[in-house]
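Here's the structure we're looking at; comments come further down.
The values are calculated or read from the model by the stated rules, or taken from the named source; none is laboratory data. Quick caveat, the model's predicted, so the values are computed rather than measured. As a convention, Cβ positions derive from the backbone with ideal geometry for all residues, glycine included, and neighbour counts pool all protein chains shown.
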Amino acid sequence: MTLTDAAATSPEPYDLIFSAVEADVAQELEPRFAKHRPVISAASAFRYAEDVPLLIPPVNAGHSQVIPEQRRARGFKGFIAPIPNCTTTGLAITLAPLKEAFGVQAVVMTSLQAMSGAGRSPGVIGLDILDNVIPFIPKEEEKVDKETRKILGPMRVSCTCTRVAVLEGHTESVFVSLAKRASPGEVAQAMASWKGAEIARGLPSSPPRWIEVLDDPFRPQPRLDRDTHGGMATTVGRVREDGVWENGIKFVLVSHNTKMGAARGAILVAELLKQQGFLG
């Protein structure tokens with residue numbers, strides 16, 4: 001019997017499971033764990049199920065209220081609560097204050113994603129990434145589309161996801177059609193002053209600000225900005241008007257893909273769920 005088999009069938013020593021396995025493995029193992037214990041997952045296996053919350057604590061903390069229904073429907077004593085794809089995380093965080101203040105009709109995003117997010121992706125092998133940009137990341141664009149809409153609600157989302165020769169930190173170029181007109185200054189202020197869900201503000205892993213907005217036109221840069229507030233903040237710059245979109249705004253963001261977008265983001269979700277009473 002393997003360690004994972006033992007953990008799934010003998011739950012007593014385990015109060016909380018953090019899962020970071022491949023999606024096909026998660027599809028089998030995570031429900032076995034969840035029969036007895038809460039599972040905080042970085043896998044995509046259950047992200048799109050209606051009774052499974054896809055949580056970014058400052059953005060949609062209330063979505064955890066589907067957990068009781070998940071338990072009833074699936075016969076779990078625990079539950080499964082995944083975090084989003086790391087590319088979705090920075091995008092959703094920056095769109096949340098815009099949706100609250102102005103409404104969001106549509107989003108177009110192009111990502112320049114760090115190598116550390118590739119894992120064992122067949123698109124980045126050995127020296128392929130050097131002096132190069134990989135123009136396709138399998139299943140990534142579909143994930144960002146579905147997850148952004150699940151987290152924030154109805155809006156049109158289109159994205160192109162690429163891999164670049166950066167070690168850590170995803171950069172995204174974002175174009176937004178707002179529901180009502182706003183100046184770049186108003187958009188920057190809405191982001192900079194955004195506090196997110198009240199319950200998420202005092203969690204141990206929460207940064208002092210979820211979004212930092214910079215005036216320097218050469219920022220954000222992953223090497224300079226990915227570790228802002230311990231890698232838990234999203235950094236935004238180059239907020240400008242866009243003349244193609246109705247009520248168009250465009251900006252650049254940097255988000256740490258292996259901190260807020262992965263391990264520390266999963267811990268933040270666990271902290272939220274404990275605060276909400278879902279963890280003992």
ask   = Restricting attention to region 200-217, does a residue exist that is closer than 19 Å to ALA96 by Cβ and among the basic types (Lys, Arg)?
value = yes
ask   = Does region 209-225 hold any residues that are within 18 Å of the chain's Cα centre (by Cα), in a loop (DSSP other than H, G, I, E, B) and without any contact (Cβ under 8 Å) to a residue 60 or more places away in the chain, and which are they?
value = ARG209
request  = Filter region 150-190 down to the residues that are outside any strand (DSSP E or B) and in contact with a strand residue (DSSP E or B) (Cβ under 6 Å, 6 or more places away or on another chain), then identify the one that is nearest to HIS256 (Cα to Cα).
outcome  = GLY169
key: Every residue from region 46-67 that is in contact with an Asp or Glu (Cβ under 9 Å, 6 or more places away or on another chain) and in a helix (DSSP H, G or I)   = PRO57, ALA61, VAL66, ILE67
request  = Go through region 10-35 and give me each residue that's part of a loop (DSSP other than H, G, I, E, B), within 18 Å of ILE67 (Cα to Cα), modelled with pLDDT under 95 and not aliphatic (A, V, I, L, M).
outcome  = ASP15
task = Scan (1) at pLDDT 95 or above; (2) more than 30 Å from ARG156 (Cβ to Cβ) for the single condition GLY265 breaks and write down its number.
result = (2)
Positions within region 244-280 being among the small types (Gly, Ala, Ser) and either under 12 Å from the mean Cα position of the chain (by Cα) or more than 13 Å from SER41 (Cα to Cα) (or both), in sequence order = GLY248, SER255, GLY261, ALA262, ALA263, GLY265, ALA266, GLY277, GLY280
request  = Report yes if ALA26 is surrounded by 21 or more Cβ atoms within 10 Å (Cβ to Cβ) and without any contact (Cβ under 8 Å) to a residue 24 or more places away in the chain, otherwise no.
outcome  = yes
